1. Going through the range 665-695 one residue at a time, which ones are modelled with pLDDT under 90 and open to solvent by 60 Å² or more (accessible area, probe 1.4 Å)?
2. For the range 304-324, how many residues are under 15 Å from the mean Cα position of the chain (by Cα) and among the small types (Gly, Ala, Ser)?
3. Output the residue which, of all residues in the range 704-720 that are of a type outside the set (Gly, Ala, Ser) and without any contact (Cβ under 8 Å) to a residue 24 or more places away in the chain, is least open to solvent (accessible area, probe 1.4 Å).
4. Return the residue satisfying two criteria in turn: it lies in the range 16-68 and is of a type in the set (Ser, Thr, Tyr) and more than 30 Å from residue 195 (Cβ to Cβ), and of such residues it is surrounded by the most Cβ atoms within 10 Å (Cβ to Cβ).
5. Among (1) closer than 30 Å to residue 466 by Cβ; (2) in a helix (DSSP H, G or I), which single condition is residue 494 missing?
6. Looking at the range 1-56 only, could you name the residues that are part of a loop (DSSP other than H, G, I, E, B), among the acidic types (Asp, Glu) and free of Cβ contacts under 8 Å to residues at least 60 places away in the same chain?
7. So which of 171, 159 ends up being hydroxyl-bearing (Ser, Thr, Tyr) and open to solvent by less than 50 Å² (accessible area, probe 1.4 Å)?
8. Yes or no: the range 76-86 includes at least one residue that is part of a strand (DSSP E or B) and in contact with a strand residue (DSSP E or B) (Cβ under 9 Å, 6 or more places away or on another chain).
Amino acid sequence: MPTPARTPARAQYLELKRQHPDALLLFRMGDFYETFDDDAEVVSATLGIALTSRPMGRDEGRIPLAGIPYHALDRYLDRLIQAGHRVAICEQVSPPGKGLVERRIVRVVTPGTVDAGALVEERAHNWLVALVPPSRPGEAAALAACDVTTGELECRLVSAADLAGEWARLSPREALLPEDAEAPSALGAALLDRRPAREFDPVRGARTLEEHFEVASVEAFGLDARGAVTGAAGALLERLRALWPEALAHLRSPRLVPAQAEVAIDASTRRSLELFTPGRSGESALADLLDGTATPMGGRLLRDWLGRPSREAARIEARLDRVQALVEDGAARDALRAALRGVPDLERLLGRVRAGTATAKQLVTLRLGIERLPAVAAATRAHEALARVAEALGAADEAGQLIAAAIADEPAEPGEGALARAGFDPAIDELRVLATDARSALAALEAAERTRSGIASLKVGYHRVFGYYLEAPRGQADRAPADYEPRQTLANAQRFRSPALSELETRILEARERLEAAERELLDRVRAQVAAAGRGIERAAEAVARLDVAAAVAQQAVEHGYVRPELAEGGPLVIEAGRHPAVERRLERGAFVPNDLELGAGADLVILTGPNMGGKSTYLRQVALIVLLAQSGWYVPADRARIPLVDRLCSRVGAQDDLAAGQSTFMVEMLETAAILHQATERSLVILDEIGRGTSTDDGLAIARAVVEHLHHRRGGTPRTLFATHYHELTALAATLPRVANASVAVAERGQEVVFLHRIVEGGADRSYGVHVAALAGLPRAVVDRARELLHQAEAARGLEAPRSTRETAAQLPLGALAAAAPDPLLEDLATLEPDALSPLEALQRLYELRREARDRLGIEG
């Protein structure tokens, strides 16, 4: 028979490959996923597996081939996705038999749609994001984000200024963007997928959302049918439908997040506070340090709350009420934490159920988790704040009971053993008996054939290609009965078939096939019924997460001496004996020096001076973190904390070059400072550290002073601000700006020795102690001694140099020096001036008179 020009399997493969030419196609063939052509070469190189070839028809010749075992898919898939590839998975959707097996691409796996394996972090979301950038200045970006593993679908409008911060919070794995739009600068490690602009059309998006969620209008979700957010969400659903249609069943209704409900935190602030990524010290990120949750759902919720603190007092107080109940009741706290241990990831298990990929063992894991929930609920009954949340735990009971009734406690997969619980399905029970009897019949046939043939060592075996066989030693093969049909010759044995064995094989295979088909049908049916009860599991999982976070926060509050913050809509920010939650834990117990703060009563802006290594940066960060924790619903590391709710956290702490963007440390510093000055309001908390240090001293001092003045004079009110600096001249501003105060890091001097006390005290510092810090850092003694000598020379020279001209001296006097000199008539005139009593014309005339007098004094002509 002539070789065909192209085998049917080859033609089938090429047709499927055309559907997703940009993806690696894993083509299921029996127990392997095979790849061909260029895909095989990529897979071989990426995974380090053998590259072979096979004939695929007369015209095709030998085709490059590389394959992986089907049971190792998740492990290999992780590596392919990590390497930046999209992977299309093609399954056999009809049982093997005569003719070509039917195959279909069941999903395309991308970084944003991974649902298993090492790439899915247990305690973090795996976001797929659709973004519509602003089309003109002043507009907001539209953003929709979904996690296919948990079903969450968020929608929001984000200002251009806040987009980088929101992007940093999400850290998406994959981003969909209109093909004609400019990519955001904050794209990061996300895989960029350019899509046709029509897919982001709001009208088209509204229709897609309405059809999928079966609502009359997207207004049911608070969305505008013609808004860009609707277009972004619609594009997200369309892409999921193309990549993995089954995942759509797990999506929850879109949740519109109003921007005014959360504290805005820019990317720089998230980075400097080390919320989710550790700093250069290599220590743990704050989220990892604070995460004492017992469940994956709790871990994700903890990071969600830390990443976007609330501005809604009622929501925060509800979280704090739950924590307080568990702080005050140690027995309830211990019981709740014990009950939560071992509760599996209900959200992600439900996702696999809805996608149709949950195995029988995963269903049992889901059931066991649901069966732990009554103990969780029992631990909350004594406290109303907890019991209200725990009411939702019973919503999953129906699904748990269904799984318990249908699936065996230790199930095998279909065709590999007992999957169904005995007594649940009479038809499956009957088929299992038939399959078991057939296996017993094999042993009986073997005994009978030994007697008939006289070959005592005759045995029945199975080969996956040849099926069942009778095997006799090579030396006794000639004693085989006449109806034995030789099938295979080995070095030491001969294998045969017999009519009786063929008949029995048919019975066994029929029973196995029917049993496997019945078990698969049962598994599909149970998955569908559990999916139908999925909303109850969602509610239970949400309740578990809230209780888990409350228990974890309460445990840490008890262990580390945290207190409940007092929330307010305004007034001063007051912290008594505040500590840095991360730094404190790295030291021996009691070694951390706590500090106080008051902002917004006598002063809104504190200029903080003092030496390096004295603790200024730690103090700045701890204030920001205490506010962030309080508005996340946490107890805080302090003896007392009064927190007026802030709308924005702005932090410029630490220096970092952006080499990829060609920006120096100073440029990055200026860009971040500019963003803060544009965005901060009177309800913001601003943390600034060493503004202006990246340039010359004169430039830096000028910039630092201008920043302080801008914040102080801001129309609408001064933001609560901590401004750390080495420019001691800025401390003079407290004498002229009414909302500015000075503070410094206390230092004890003992001869040449300097001891940093790490205490923040009122008043400015007069020295930087840079030479002492250099000595502590380990500079050679000769260098330190020479630096100290040069410092003394410089100080002496400043004290002995000849007086300069009046004009030059006035131009270079430190800030506040004029105020410290003897009384001056010009200053007295200024001090007694009453601007409110003057008309605009009188004020302008008086200003000219004062300028003329000042110029005469300084010898300036004109």
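The values are calculated or read from the model by the stated rules, or taken from the named source; none is laboratory data. Just so you know, these numbers come straight off a predicted model, no measurement behind them. No Cβ is skipped: glycine too gets one built from the backbone with ideal geometry, and neighbour counts run over all protein chains shown. Just so you know, the surface numbers come from the protein's heavy atoms only, side chains and all, with ligands and any DNA or RNA stripped out. Shrake-Rupley method; radii C 1.70, N 1.55, O 1.52, S 1.80 Å.
1. The answer is 667, 671, 678, 693.
2. 1
3. Checked the range 704-720; the qualifying residue least open to solvent (accessible area, probe 1.4 Å) is 713.
4. 44
5. Of everything listed in (1) closer than 30 Å to residue 466 by Cβ; (2) in a helix (DSSP H, G or I), residue 494 misses just condition (2).
6. Matches in the range 1-56: 31 only.
7. One residue alone meets the criteria, 159.
8. no
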